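Enquirer: Sharing a structure, written as structure tokens. Questions coming.
The values are calculated or read from the model by the stated rules, or taken from the named source; none is laboratory data. Note that the structure is a prediction, hence the values are computed from the model and not measured. Here Cβ is always computed from backbone atoms with ideal geometry, including for glycine, and neighbour counts include all displayed protein chains. Accessible surface areas use protein heavy atoms only, side chains included; no ligands, DNA or RNA. Shrake-Rupley method; radii C 1.70, N 1.55, O 1.52, S 1.80 Å.
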Amino acid sequence: MLVSLHICDFALIDDIYLDFDAGLNVLTGETGAGKSIIIDALTLLLGGKGSAEMVKSGSRRAVIEGVLEIRADRWAEVEKAGIVRENDNQLVVSREVSSDGRSVCRVNGHLVTVATLQRLTAGLVDILGQHEYQQILKRQCQLDILDSLGGESLAQTRQKVQELYGQLRSYDREKDELKAEVLDEREIALLESEVEEIERAKLAPGEEERLEAEERMLVHAEKLKLGAEEAYERLYHGSSGPGSVYDQLSQITRQLKELEAMDPSLGSVANRVESCLYEIQEVGETLRDYRDRVDYDPSRLRAVQERLNALRSLFRKYGGSASDILEELEKKRACLASCQDYKSRLEELERNYRLVEQEYLSEARKLSELRKQAGKRLSALLTDRLRLLNMPRAQFKVKFLDTGDFSPHGLDTIEFIFSANPGQPLRPLSKVASGGEMSRFMLAVKTALMEIDPVPTLVFDEIETGISGNAAQVVAKKVSELARFRQVICVSHSPHLASLADRHFYIEKVPTERSTRVTARVLDEDGRLKEIARILSGQDSKIALEHAKELRQRALT
């Protein structure tokens, strides 16, 4: 429950402190006194969106602090967030919003994020205001209310449906990604043509250099052959001609050998010349072989040049060298393999999708049946509660609209249909419910779901909107009964609610010379009677006071 609320420099509020009772707490005051500002501050404290506009004009920051009493089983979650337990079963929560829009959250003095604050306070306070009235008109909110009545079996089935839906969407994304990666038929045909062209070329690294060398030799074959022949003839004819280098070196060697007998020091010179003779002999043989090998072959020259032209065309088309093109060839082959594997991969995805789809449909149909059972219970519960709220002829049903569309919540779309008066057909709640009927409908929902909704504190912002007379008295009585089981805080203009309050706060807007401030005080019995009289007639006249006393006595009996 909400033990206390301290609000400082928030909107029109300078500094107020509210100490709440465990039962029914009612906040009254003139229209525009600032009662709803207190609810706004509480919403911010529980993790609502903060903004610089919330800070009181002229102040640096707004501060809201609240003390929440929680059940012992909630402490495990609190301690998991690193929050130290200081007071028995109490959380001290604070929220600061600075004039530049920055926000600071603390729980038991520990800094936390807004998300952590929302998680730790979730399920502790349920604020029911005009926003919630609009929310319940939405089909998704109606579905959530219905599902909350379905128990553990429905909750588990809904969770299973949500997981299966997630798998289906995952398969859809995989298929889309696969299709995005795969080339179209024209691109595949072009890729196949390129791979075939490169493979047909049978490239080899360094081939161009070798062919260029061969081309040069073939182009100059005649000159090379003649040059080699002439060099061979001069160097080593192979006969005993006196003009060859070989013959001259042979003669020099013999002469040196003869002189060596007279001067041994010439032996080393003779040996060196003899070594040159052997070298000349080998060079001559090499030149002879080269001469015999070189031959002008026009057909071979044409073949070499055609091959070179083909290679150079490939290099211009694909860029780089033979090694670069061969590397690109492997990439193109891999891409083709991926495209060729696309069909089997897609078929596998389709098979998996169909299997999960069948399981989804099975669970979704099971969920629909559980919802129909819950719908009957909800219809009976709310119809009964509405009759107790002075709507004896009211009818309510849950209408199922099976669109067949897959969703995380199954195949169902539902709509709350309602009729307040006999003879009127059941129509969507949003089209037929008046303001007073919506107030009572929301109260009926809260009381119907009370056993399965463990929220310890309910906050109603003008629950009596659009209600008067006997209906207002009935609603007040029902809210009072609700307060026997949990804490209820009501911002109200209802004298009936005010008369039933366990604690009655009077909210007042007080003008000063320079500004306007909002104050709050707990009313004693005399003050309460005067305030009930003011609500009844606009002033605390004698007749109004008598009526207030009557309401108060009736509440106490």
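Enquirer: Please return the ranges of strands (runs of 3 or more DSSP E) entirely within segment 101-201 where 3 or more residues are surrounded by 14 or more Cβ atoms within 10 Å (Cβ to Cβ) and either under 26 Å from the mean Cα position of the chain (by Cα) or polar (S, T, N, Q) (or both).
Expert: In segment 101-201, the matching strands (runs of 3 or more DSSP E) lie at 103-107.
Enquirer: Separate question: Where residues in segment 436-452 are of a type in the set (Val, Ile, Thr) and assigned to a helix (DSSP H, G or I), which of them is modelled with the lowest pLDDT?
Expert: Among those residues, the one meeting the criterion is 447.
Enquirer: Check off (1) at pLDDT below 85; (2) at negative phi for residue 272 and give me the number that stays unchecked.
Expert: (1)
Enquirer: Further, regarding this structure: Considering segment 85-100 alone, what residues qualify as being in a strand (DSSP E or B) and more than 20 Å from residue 11 (Cβ to Cβ)?
Expert: Selection gives 87, 90, 91, 92.
Enquirer: Which one of 249, 277, 259 is modelled with pLDDT under 85 and closer than 30 Å to residue 217 by Cα?
Expert: Among 249, 277, 259, only 277 is modelled with pLDDT under 85 and closer than 30 Å to residue 217 by Cα.
Enquirer: Scanning for something open to solvent by less than 60 Å² (accessible area, probe 1.4 Å), farther than 22 Å from residue 17 by Cα, modelled with pLDDT of 90 or more and not in a loop (DSSP other than H, G, I, E, B), does segment 507-526 turn up at least one residue?
Expert: Among the residues of segment 507-526, not one is open to solvent by less than 60 Å² (accessible area, probe 1.4 Å), farther than 22 Å from residue 17 by Cα, modelled with pLDDT of 90 or more and not in a loop (DSSP other than H, G, I, E, B), which makes the answer no.
Enquirer: Just name the residue that is modelled with the lowest pLDDT out of those in segment 207-246 that are in a loop (DSSP other than H, G, I, E, B) and open to solvent by 90 Å² or more (accessible area, probe 1.4 Å).
Expert: Among residues in segment 207-246 that are in a loop (DSSP other than H, G, I, E, B) and open to solvent by 90 Å² or more (accessible area, probe 1.4 Å), the one modelled with the lowest pLDDT is 240.
Enquirer: While we're here: Out of curiosity, is residue 317 surrounded by 11 or more Cβ atoms within 10 Å (Cβ to Cβ), under 11 Å from residue 198 (Cβ atoms) and free of Cβ contacts under 8 Å to residues at least 40 places away in the same chain?
Expert: For residue 317, the condition - surrounded by 11 or more Cβ atoms within 10 Å (Cβ to Cβ), under 11 Å from residue 198 (Cβ atoms) and free of Cβ contacts under 8 Å to residues at least 40 places away in the same chain - is met.
Enquirer: So, residue 67, is that one over 32 Å from the mean Cα position of the chain (by Cα) and either outside any loop (DSSP other than H, G, I, E, B) or surrounded by fewer than 12 Cβ atoms within 10 Å (Cβ to Cβ) (or both) or not?
Expert: Spelling it out, residue 67 is indeed over 32 Å from the mean Cα position of the chain (by Cα) and either outside any loop (DSSP other than H, G, I, E, B) or surrounded by fewer than 12 Cβ atoms within 10 Å (Cβ to Cβ) (or both).
Enquirer: When you go through 399, 431 one by one, which is the residue that is open to solvent by 60 Å² or more (accessible area, probe 1.4 Å) and touching a residue at least 12 places away in the same chain (Cβ under 8 Å)?
Expert: Checking each option against the conditions leaves just 399.
Enquirer: Also, I was wondering about something else. Can you confirm whether residue 414 is touching a helix residue (DSSP H, G or I) at 6+ places or on another chain (Cβ under 6 Å) and either in a loop (DSSP other than H, G, I, E, B) or open to solvent by 10 Å² or more (accessible area, probe 1.4 Å) (or both)?
Expert: Criteria not met by residue 414.
Enquirer: Now for a separate question. Filter segment 70-83 down to the residues that are more than 14 Å from residue 119 (Cβ to Cβ) and more than 31 Å from the chain's Cα centre (by Cα), then identify the one that is surrounded by the fewest Cβ atoms within 10 Å (Cβ to Cβ).
Expert: Top of the filtered list is 72.
Enquirer: Quick one: count up the residues across segment 1-46 that are more than 37 Å from the chain's Cα centre (by Cα), within 22 Å of residue 58 (Cβ to Cβ) and not in a loop (DSSP other than H, G, I, E, B).
Expert: 5
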